Amino acid sequence: MKLHVRGRRKFRTTEKHNRFSRPLHGFTLVELLVVIAIIGVLVALLLPAVQAAREAARRAQCQSRLKNIALAVLNYESAKKQLPVGLVSQPEPYEAWSWSTFALPYLEQQAVFDRLRPSPNFQKPPDGTRSGKRNLADLFIAAKINAKELEPLQTPLSIFRCPSDDTPDLVPHDGTPRAVRTTDSGQWERHFKGQYSGQLTSLFLPSTSNYVGSRGFIDRPCACLSPNCTNLNWVGNPVECEGNGVFQGLDPIDLKQIPDGTSSTFMLGERDSYCLSSTWIGTRNPAGANMWGAAWSLGRVSLKLNHPETGDHDTCTEGFSSKHPGGAYFAFCDGSVDFISDDIDYNDAGNSRTVPSGQFAPVKGGVTIGAYQRLGIRNDELSAR
């Protein structure tokens, strides 16, 4: 340590200096605010990129799950020489299994399938003590005595869920409304409040799904397939009708019955929470192969993709939809998966409720429809891709 003198010549002072001394400085309030502002700007710039990356990952997972389900359906077809039945239809308003139930063994869900014991044919009358293969209605009757029968139906299966969607794992039993696109105040419980399941009240919370099978374009009873048709009271009509999609009631098809080509025909598509999603279990009240109860497992292309709610049966609860901006994923009958844009060609004149009598489906020289509608039909012999 040294002493030295510095300063002006007339004012000499002495001061002690330490070689380890450092000048002391602090942040001013202005500097602190500038730093905070810079951090805020960086977060604002990075957050959309982070969110976009997360959504891209969710979309990729959603696409992958849909593809795995499509491959499971094709493996079923390879083993059984036919596709799964769309739903086990019958004239009575009893709950029925759907295509997704029969795909379970090919999705590594053999244990769940074995506990359900689903029958591909409806067995009369419903019987809760039935051994071997059984109806879905049989299971609900048995569950009134033994609630454990419901456990496999209430098992959340992630393979059936799109990560981009906010559908609950289980359908709420209390009638909790979900967000709506416009006016429909429909409730989740519409999925399952059928002949027997409705008697179980809070005991039954069915497992949900974001993927539905393609039922094609048709949405009329057999009585309306002939020229000069005037009977449009299709709800509750017990007559089985042959649809023009991949999945229908009673009569499953094989790949040879897709003359439009497997790469040009929808097999499966998405449905989001706004449109009440779906369940992989089945439907509450089919009452015939092409009645509106089938909508809980199947979708049709006569309704526009991401169609808004309208408060009646012609809503997106019967069509396809997703939470992905701009469209939805569809699996084709060759196992491929593509993202279909909301802007895909669609002609509302081809809606199954507005076409002229007798022209229930597009025919050459008949009703003009768009590419979206053609992709949902397996046998119209019209090019779609």
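No value in this document is a laboratory result; all are computed from the given coordinates. What you are looking at is a predicted structure, and each value in this text was computed from that prediction instead of being measured. Reconstructed Cβ throughout: ideal geometry from the backbone, glycine too, with neighbour counts over all protein chains shown.
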Inset, instruction - Between beta-carbons, use under 13 Å as the cut-off and find the net charge around GLY282, counting Lys and Arg +1, Asp and Glu -1. - result: 0
Legend entry - Euclidean distance between Cα centres, segment 30-78 to segment 91-121, Å: 34 Å
Inset, instruction - With a point put 7 Å past each Cα toward its Cβ, work out how far LYS144 is from ASP254 in nm, to one decimal. - result: 4.2 nm
Inset, instruction - Would you mind putting 274-280, 333-339, 321-327 in packing order, based on average other-beta-carbon counts within 10 Å, highest first? - result: 274-280, 321-327, 333-339
Inset, instruction - Net charge near SER119: determine it from the other residues with C-beta under 9 Å of the C-beta of SER119, scoring Lys and Arg +1 and Asp and Glu -1. - result: +3
Inset, instruction - Starting from segment 74-159, pick out the GluC sites (Glu not before Pro) whose DSSP state is loop and whose Cβ has at most 16 other Cβ atoms within 10 Å. - result: GLU108
Inset, instruction - Could you list, in their original order, any pairs among LYS81/LYS148; LYS67/LYS323; LYS81/LYS304; LYS67/LYS304; LYS80/LYS133; LYS144/LYS323 whose Cα atoms are separated by more than 26 Å? - result: LYS81/LYS148; LYS81/LYS304; LYS144/LYS323
